[in-house]
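Visitor: Shown below is the structure under consideration.
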């Protein structure tokens with residue numbers, strides 16, 4: 001499923017490169033919009049019938065200035081493998097590498113995005129993740145909390161007079177605070193670092 005998502009993104013970028021798009025807001029531009037809503041192409045992961053992450057993400061943002069953006073995101077998903085396994089690694093989904101159960105996460109998220117040159121930007125997201133842990137029989141075995149910090153470098157492409165945008169990016173996620181993880185989960189996580197590198201595939205609608 002990860003390969004399918006990357007292929008879809010590659011095709012999207014090829015289409016974007018053939019269009020004449022303006023990649024940075026300008027206050028005097030009549031297409032400048034203050035608000036946006038959006039999501040991510042990670043939703044395509046829900047097509048995986050074997051390990052469906054039940055992923056939901058909603059982004060709502062406000063442009064304080066043409067270069068400064070604040071946002072609120074709501075994320076929901078389940079996961080059954082240590083988050084430190086690198087994106088695209090053969091250990092992901094591999095037998096014996098996952099938890100003896102799964103975790104369900106609800107994560108209200110605050111973010112800040114700064115545009116530096118044309119569509120090039122950096123951003124930081126703070127995810128307050130409230131987690132529920134379940135064993136292999138789907139019995140709840142505990143509650144936990146994790147603070148995830150995501151840092152991204154990316155580029156924004158605009159379409160249809162700045163009505164729509166797509167933001168491919170590369171980032172690193174780390175979790176400096178992680179509490180009440182069941183011992184069975186923690187034993188598996190010890191094999192991996194408390195960070196991972198991941199691509200970003202956000203898209204949205206400006207209004």
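Visitor: Tell me which residues, restricted to the stretch 57-82, are surrounded by fewer than 19 Cβ atoms within 10 Å (Cβ to Cβ) and either in contact with a helix residue (DSSP H, G or I) (Cβ under 8 Å, 6 or more places away or on another chain) or not in a strand (DSSP E or B) (or both).
Guide: 57, 64, 65, 66, 67, 80
Visitor: Then there's this: Conditions: (1) buried (at least 19 other Cβ atoms within 10 Å of the Cβ); (2) free of Cβ contacts under 8 Å to residues at least 60 places away in the same chain; (3) closer than 17 Å to residue 69 by Cα. Residue 151 meets all but one. Number of the miss?
Guide: (1)
Visitor: Taking the criterion of being modelled with pLDDT of 95 or more, outside any loop (DSSP other than H, G, I, E, B), under 16 Å from the mean Cα position of the chain (by Cα) and surrounded by fewer than 19 Cβ atoms within 10 Å (Cβ to Cβ), would at least one residue in the stretch 187-196 satisfy it?
Guide: Within the stretch 187-196, not a single residue is modelled with pLDDT of 95 or more, outside any loop (DSSP other than H, G, I, E, B), under 16 Å from the mean Cα position of the chain (by Cα) and surrounded by fewer than 19 Cβ atoms within 10 Å (Cβ to Cβ).
Visitor: Check the stretch 69-83 and report whether any residue there is under 17 Å from residue 201 (Cβ atoms) and modelled with pLDDT under 95.
Guide: Scanning the stretch 69-83, I find no residue that is under 17 Å from residue 201 (Cβ atoms) and modelled with pLDDT under 95, so the answer is no.
Visitor: So which of 130, 203 ends up being more than 18 Å from residue 83 (Cα to Cα) and either in a strand (DSSP E or B) or in contact with a helix residue (DSSP H, G or I) (Cβ under 6 Å, 6 or more places away or on another chain) (or both)?
Guide: Selected residue: 203, the only one of 130, 203 that is more than 18 Å from residue 83 (Cα to Cα) and either in a strand (DSSP E or B) or in contact with a helix residue (DSSP H, G or I) (Cβ under 6 Å, 6 or more places away or on another chain) (or both).
Visitor: Looking for something under 21 Å from residue 91 (Cβ atoms), part of a strand (DSSP E or B) and in contact with a strand residue (DSSP E or B) (Cβ under 7 Å, 6 or more places away or on another chain) - is there at least one such residue anywhere in the stretch 138-147?
Guide: The answer is yes; a qualifying residue exists.
Visitor: Can you name the condition, by its number, that residue 6 falls short on among (1) under 20 Å from residue 172 (Cα atoms); (2) modelled with pLDDT of 95 or more; (3) surrounded by 13 or more Cβ atoms within 10 Å (Cβ to Cβ); (4) out of contact with any helix residue (DSSP H, G or I) (no Cβ under 7 Å at 6 or more places or on another chain)?
Guide: So residue 6 meets the others, but not (2).
Visitor: Taking the stretch 82-103 on its own, how many of its residues are free of Cβ contacts under 8 Å to residues at least 40 places away in the same chain and under 22 Å from residue 179 (Cα atoms)?
Guide: Matching residues across the stretch 82-103 total 1.
Visitor: A further question on this structure: Restricting to the stretch 109-127, what's the tally of residues that are more than 12 Å from residue 151 (Cα to Cα) and surrounded by 14 or more Cβ atoms within 10 Å (Cβ to Cβ)?
Guide: 4
The values are calculated or read from the model by the stated rules, or taken from the named source; none is laboratory data. Just so we're clear, the structure is a prediction, and the values are computed from it rather than from any experiment. Glycine also receives a Cβ, built like all others from the backbone with ideal geometry; neighbour counts cover every protein chain displayed.
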